[in-house]
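Trainee: What follows is a single structure, and I will ask about it in a moment.
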Amino acid sequence: MSETSFSLLERLRERPDGDAWRRLLDLYTPLLRAWLGQHAVQPADADDLVQEVLTVVIRELPRFEHSRRAGAFRSWLRSILVHRLRDFWRARQHRPPATGDSAVLRHLEELADSTSGLSRRWDEEHDRHVVRRLLELIEPEVTPSTWQAFCRVALEGKDEETVATELGLSVNAVFIAKSRVLARLRREAKRLID
């Protein structure tokens, strides 16, 4: 497992590289595309908007100041998404597809309100998505036995002794496997979900 002393955001701000940018794109493209689909955006337009949102992130990230408050990055990302959606609808000089009312616009205003239920749902879905995607990206970097031990204990809730017996490992090896993957996950998720 490759060690990194910087979180993804810190790496992108201080010494950006292709791998870090690819990781950011891999993490956020599916999440952004899903949220755009909830705002009556056609798939082709959603692809363009995802690119626009990520372009703003790439351009503005060096100036992004993490407030040290939980969710600072996801709130900033949500704000960029809302602004790009507003610009999208303004540029088309028409209302969203016929829904019989302005439900889509109200939905967008609710997403912009950091205290709304929709905004809280963004936060929850963001965190679940990031953890799931990071785990998918971490899996190939660890041995199969480490990954199996981690999944069975941390994700399936099995006790370490049972997992050790099932996998033919020592109980200590199971604890170490779980610890290594969780430590890697924490490093990768730093500032993205905290």
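Trainee: Name every residue in region 131-179 that is part of a loop (DSSP other than H, G, I, E, B) and among the basic types (Lys, Arg), in order of residue number.
Mentor: Quick first cut of region 131-179, residues part of a loop (DSSP other than H, G, I, E, B) only: 142-143, 156-159, 168-170.
LYS158 - this is the single residue of region 131-179 that is part of a loop (DSSP other than H, G, I, E, B) and among the basic types (Lys, Arg).
Trainee: Has region 70-89 got at least one residue that is open to solvent by 50 Å² or more (accessible area, probe 1.4 Å) and at pLDDT below 75?
Mentor: Narrowing region 70-89 to residues open to solvent by 50 Å² or more (accessible area, probe 1.4 Å): 70, 76, 83-84, 86-87.
Of the ones still in play, those that are also at pLDDT below 75 are 70.
Yes, region 70-89 contains at least one residue that is open to solvent by 50 Å² or more (accessible area, probe 1.4 Å) and at pLDDT below 75.
Trainee: Look through region 47-59, keep the residues that are modelled with pLDDT under 90 and touching a helix residue (DSSP H, G or I) at 6+ places or on another chain (Cβ under 8 Å), and return whichever of them is surrounded by the most Cβ atoms within 10 Å (Cβ to Cβ).
Mentor: Among those that are modelled with pLDDT under 90 and touching a helix residue (DSSP H, G or I) at 6+ places or on another chain (Cβ under 8 Å), it is VAL57.
Trainee: Now, a different point. What are the pairs with Cβ atoms under 9 angstrom where one residue, in region 70-86, is in contact (Cβ under 8 Å) with a residue 12 or more places away in the chain and the other, located anywhere, is basic (Lys, Arg) and open to solvent by 30 Å² or more (accessible area, probe 1.4 Å)? Sequence gap at least six, or different chains.
Mentor: ALA72/ARG191; PHE73/ARG191; SER75/ARG69
Trainee: Taking region 139-194 only, how many residues are open to solvent by 30 Å² or more (accessible area, probe 1.4 Å) and free of Cβ contacts under 8 Å to residues at least 40 places away in the same chain?
Mentor: Residues of region 139-194 open to solvent by 30 Å² or more (accessible area, probe 1.4 Å): 139-141, 143-145, 147-148, 152, 154-162, 165-173, 175-176, 178-180, 182-183, 186-187, 190-191, 193-194.
Cutting the leftovers down to free of Cβ contacts under 8 Å to residues at least 40 places away in the same chain gives us 139-140, 143-145, 147-148, 152, 154-162, 165-173, 175-176, 178-179, 182-183, 186.
So the count comes out to 33.
Trainee: Report whether or not ALA34 is on the phi > 0 side of the Ramachandran plot and open to solvent by 20 Å² or more (accessible area, probe 1.4 Å).
Mentor: Details: on the phi > 0 side of the Ramachandran plot: no; open to solvent by 20 Å² or more (accessible area, probe 1.4 Å): yes.
No; evaluated as a whole, the condition is false for this residue.
Trainee: What number goes with the only condition from (1) open to solvent by 40 Å² or more (accessible area, probe 1.4 Å); (2) farther than 26 Å from ALA20 by Cα; (3) of a type in the set (Val, Ile, Thr); (4) in contact with a helix residue (DSSP H, G or I) (Cβ under 7 Å, 6 or more places away or on another chain) that VAL131 does not pass?
Mentor: The single condition VAL131 does not satisfy is (2).
Trainee: Same structure, new question: If ARG22 satisfies every condition in (1) out of contact with any helix residue (DSSP H, G or I) (no Cβ under 9 Å at 6 or more places or on another chain); (2) surrounded by 13 or more Cβ atoms within 10 Å (Cβ to Cβ) but one, which is the exception?
Mentor: (2)
Trainee: Given the condition of a type in the set (Asp, Glu), part of a loop (DSSP other than H, G, I, E, B) and more than 16 Å from the chain's Cα centre (by Cα), answer yes or no: does some residue in region 55-77 qualify?
Mentor: Step one: filter region 55-77 for residues of a type in the set (Asp, Glu), giving 60, 65.
So of that shortlist, the ones also part of a loop (DSSP other than H, G, I, E, B) come out as 65.
If we keep only those that are more than 16 Å from the chain's Cα centre (by Cα) as well, we get 65.
Scanning region 55-77, I find at least one residue that is of a type in the set (Asp, Glu), part of a loop (DSSP other than H, G, I, E, B) and more than 16 Å from the chain's Cα centre (by Cα), so the answer is yes.
The values are calculated or read from the model by the stated rules, or taken from the named source; none is laboratory data. Keep in mind the model is a prediction, meaning the values are calculated, not measured. Methodologically, a virtual Cβ is constructed for each residue, glycine included, from the backbone with ideal geometry; neighbour enumeration extends over all protein chains shown. Keep in mind that these areas ignore ligands, DNA and RNA; they rest on the heavy atoms of the full protein, side chains included. Shrake-Rupley method; radii C 1.70, N 1.55, O 1.52, S 1.80 Å.
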